[in-house]
Amino acid sequence: MEEIVGLCKRRGFIFPSSEIYGGYNGFYDYGPLGVELRNNIKQAWWRDMVQRRDDIEGLDSTIIMHPDIWKASGHVDGFSDPMVDCRESKLRYRADQLFFAPVIVAGETIGYVSVVECPQQQEIAEKAAADIKRKAAKQGTLEPIVLKDYTESKPEEYDLVPSPATGKPGSLTAPREFKLMFETKVGPLADDSAVAYLRPETAQGIFANYKNIVDTGRVKIPFGIAQIGKAFRNEITPRNFIFRSREFEQMEIEYFIAPSADWKALHREWIDTCIDWLVSIGLPRASITEDIHPEDKLAFYSQATTDLMFQFPHGEQELWGVACRGDYDLKQHQEHSGKSMTIFDEASKEKYVPHVIEPSLGVDRTLLAVLTAAYTIDEVPNDKGKVEERTLLKFSPKIAPVKAAIFPLLKNKPELVERAQALYQKLQRRWNVFYDASGAIGRRYRRQDEIGTPFGITIDFDTIEKDGTVTLRDRDTCEQRRVTEDQLIQFLEEQIDG
Ligand code: GAP
């Protein structure tokens with residue numbers, strides 16, 4: 001993760017927000033390359049999920065909506081995470097990310113260990129338990145350490161579990177609910193009637209506009225409404241770079257189906273569509289797994305949820321949630337707004353409130369997954385034939401921030417520069433391309449490899465003196481071949497837009 005964070009900063013993908021004031025925890029800014037990558041991910045999703053499908057309509061609703069929407073959806077009362085404070089260090093933890101276990105030797109509890117969720121948590125806890133046993137000079141067998149999260153702690157354990165910050169027991173509070181929605185005030189009144197919220201998900205904007213789209217569009221069941229937009233959550237512990245931040249972006253679909261439809265089959269179809277899409281933007285199929293939520297952990301209205309998990313640098317974590325939410329949201333809005341949410345199904349001649357399948361994906365998490373999958377270190381020969389280590393980002397050409405770099409072989413030969421500039425300006429009309437004339441050609445290639453530019457195009461003396469062909473270099477294999485300008489454009493079209 002540190003290497004990816006370093007590369008993102010060095011090459012202008014992602015910066016900590018407000019960095020000149022020391023940064024602002026949980027907020028990130030996207031620099032020149034980051035904004036291109038981010039836009040390309042969103043465009044690819046919009047094109048594949050909205051424009052290339054006949055059954056999905058797009059929407060762009062406001063971030064601040066009528067506060068009653070959040071009462072109806074259950075967010076005002078229920079959108080919170082369990083939190084625990086360390087009274088001594090003043091640090092705050094998400095209780096479900098803080099793990100603890102009793103240290104039991106020869107049947108007797110001689111202390112407790114605690115650890116913040118991480119891939120090595122079991123090892124860390126076992127080592128801490130062995131230390132406690134050694135310090136206590138206790139003879140006998142140390143029983144296996146069985147970690148539980150702090151939401152499962154009992155009141156008599158609060159004073160016994162050590163704080164991960166201090167290593168000492170006695171400073172952790174009981175878990176309590178922490179509200180995640182950011183509040184603001186709308187209008188000139190400063191009283192409670194002015195309280196509004198920054199949306200914590202884009203989904204409710206879809207439900208709130210469902211009736212508009214049904215009444216104005218030509219939709220028929222099954223159909224979906226898609227939205228890309230910012231969401232805000234006052235996360236207790238934003239961490240792991242852009243994986244969990246306080247301001248992020250979501251790409252969500254609410255897919256409306258008949259109550260009698262085979263929702264299990266449709267759920268499966270959506271899971272497969274989502275996996276295929278992730279593979280299409282360059283994530284290896286083997287790095288994506290499915291986490292099926294156990295029935296006893298589902299929200300009362302939910303029929304099923306499967307998370308698509310990705311192997312992030314900090315471990316396997318949720319990337320995309322695909323939930324079957326029944327008719328809960330529409331019925332809640334029907335009840336609170338007094339407006340009917342029924343639809344007339346032409347095919348079955350029935351009137352009903354549809355059920356919904358919700359694929360919900362974070363833009364920033366997708367970007368981190370794409371960076372993780374693309375980040376590569378290999379060895380290639382330099383200009384002098386000496387093998388050197390290189391860092392490269394193997395982005396799919398579809399989402400790469402810069403699609404191609406155009407180089408005149410030498411910058412002091414006007415005929416090369418002129419020809420390279422002409423090609424650059426021609427390609428620039430269609431794609432985000434880069435012109436670079438400075439430094440040895442090998443160094444110029446490396447600079448582009450590091451930001452994931454898939455193709456290098458060099459104009460040399462053969463271009464101007466012989467057949468007009470240019471050298472086309474592949475980022476991943478470093479192979480070079482000569483192509484005509486027509487062949488080049490056709491190739492780029494296939495690779496980037498195909
Ligand atoms: N409407 C359903 C919903 O919002 P969620 O699981 O809370 O469900 C959906 O969020 C997706 O949004 C997640 O799978 C993740 O990709 C992204 N996401 C959620 N919280 C995030 C955060 N704090 N930072 C970055 N991405 C987040």
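The values are calculated or read from the model by the stated rules, or taken from the named source; none is laboratory data. Every value quoted in this text rests on a predicted model; they were computed, and no experiment measured them. Reconstructed Cβ throughout: ideal geometry from the backbone, glycine too, with neighbour counts over all protein chains shown. Each accessible area value is taken on the protein alone, full model and side chains, heavy atoms only, with ligands, DNA and RNA left out. Shrake-Rupley method; radii C 1.70, N 1.55, O 1.52, S 1.80 Å.
Please determine, in degrees from 0 to 90 and to the nearest 10, the orientation of helix 363-374 with respect to the longest principal axis defined by the Cα atoms of the chain, where the helix direction is its Cα long axis. Here the helix axis deviates by roughly 60 degrees. From most to least packed by mean Cβ count within 10 Å, the peptides 378-391, 36-49 give 36-49, 378-391. Computed over neighbours whose Cβ is under 15 Å from that of Asp131, the net charge equals +4, Lys and Arg +1, Asp and Glu -1.
Need one word for region 120-196: rounded, prolate or oblate. Basis is the Cα gyration tensor (sqrt eigenvalues a ≥ b ≥ c); a/c below 1.5 gives rounded, then a/b vs b/c decides. Prolate is the answer for region 120-196, as a/c is 1.5 or above and a/b outweighs b/c. Bridgeable aspartates and glutamates around Lys138 (alpha carbons under 15 Å apart, same-chain partners fewer than 8 residues away excluded): Glu108.
Sort the chain into rounded, prolate or oblate with this rule: let a ≥ b ≥ c be the square roots of the eigenvalues of the Cα gyration tensor; rounded if a/c is under 1.5, and if a/c is not under 1.5, prolate when a/b is larger than b/c, oblate otherwise. Judged from the Cα gyration tensor, the chain comes out oblate (a/c at least 1.5, b/c at or above a/b).
The share of accessible area on region 1-100 that comes from carbon and sulfur is 50 percent, using a 1.4 angstrom probe.
Using alpha carbons only, the radius of gyration of region 1-92 set against its Kirkwood radius gives Rg/Rh = 1.10.
Charging the Cβ of each Asp and Glu at -1 and of each Lys and Arg at +1, and nothing else, the dipole of region 214-257 about its Cα centre rounds to 100 debye.
Counting only protein heavy atoms and a probe of 1.4 Å, the accessible surface of region 361-466 is 48% carbon and sulfur. With 27 Å as the limit, the listed pairs Lys297/Lys398; Lys42/Lys349; Lys42/Lys426; Lys42/Lys185 have Lys297/Lys398; Lys42/Lys349; Lys42/Lys185 beyond it between alpha carbons. Only Lys, Arg, Asp and Glu carry charge here, each on its Cβ (+1 for the first two, -1 for the last two); on that basis region 1-133 has a dipole of about 360 debye about its Cα centre. Of interest is the spacing of the C-alpha centroids, which for region 428-460 and region 147-168 amounts to 54 Å. Using the rule -39500 (n - 2.57) for each DSSP H run of four or more residues, divided by the residues of the chain, the 222 nm mean residue ellipticity is -8500 deg cm²/dmol.
Each peptide in 294-302, 25-33, 335-343 gets a packing score, the mean of other Cβ atoms within 10 Å over its residues, and the list from highest to lowest is 25-33, 335-343, 294-302. Charged neighbours of Pro102, selected by a Cβ distance under 9 Å, balance to -2 (K, R count +1; D, E count -1). Taking a straight line from the alpha carbon of Lys411, these aspartates and glutamates sit under 19 Å away, with near neighbours fewer than eight places off in the same chain left out: Asp383, Asp436, Asp460, Asp462, Glu465.
Please determine, in degrees from 0 to 90 and to the nearest 10, the orientation of helix 441-451 with respect to the longest principal axis defined by the Cα atoms of the chain, where the helix direction is its Cα long axis. So the helix axis and the longest Cα principal axis differ by about 20 degrees.
Rolling a 1.4 Å probe across the protein heavy atoms gives the chain an accessible surface of 49 Å² per residue. Counting heavy atoms of the protein chains alone, Arg244 has an accessible area of about 40 Å² for a 1.4 Å probe. Compute the acute angle (0 to 90°) between the alpha-carbon long axis of helix 32-46 and the principal axis of greatest extent of the alpha-carbon atoms of the chain; round to the nearest 10°. Around 80 degrees separate the two axes. Heavy-atom surface analysis with a 1.4 Å probe gives region 133-247 a carbon and sulfur content of 50 percent of its accessible area. Here region 242-261 and region 274-353 have alpha carbon centers that stand 7 Å from each other. Please label the shape of region 321-470 as rounded, prolate or oblate, based on the square roots a ≥ b ≥ c of the eigenvalues of the alpha-carbon gyration tensor (a/c under 1.5 means rounded; beyond that, a/b larger than b/c means prolate, else oblate). It comes out prolate by the Cα gyration axes. For GluC sites (Glu not before Pro), the sites in region 64-146 that DSSP calls loop and that have at most 13 other Cβ atoms within 10 Å are Glu88.
Round to the nearest 0.05 the FRET efficiency obtained for Ser260 and Ser438 when R0 = 60 Å and r is the Cβ-Cβ distance. Computed FRET efficiency for Ser260 and Ser438: 0.35. Of all lysines in the structure, those lying under 18 Å Cα to Cα from Lys466, and not within fewer than 8 positions of it along the same chain, are Lys413.
Structure note, pairs Lys127/Lys148; Lys9/Lys394; Lys211/Lys331; Lys133/Lys168; Lys179/Lys331: Cα-Cα distances above 20 angstrom occur for Lys179/Lys331.
Applied to region 386-403, the Karplus parametrisation 6.51 cos²θ - 1.76 cosθ + 1.60 on θ = phi - 60° returns per-residue 3J(HN,Hα) values of 7, 6, 10, 6, 9, 9, 9, 10, 8, 5, 5, x, 4, 10, 4, x, 10, 7 Hz, with x for Gly and Pro.
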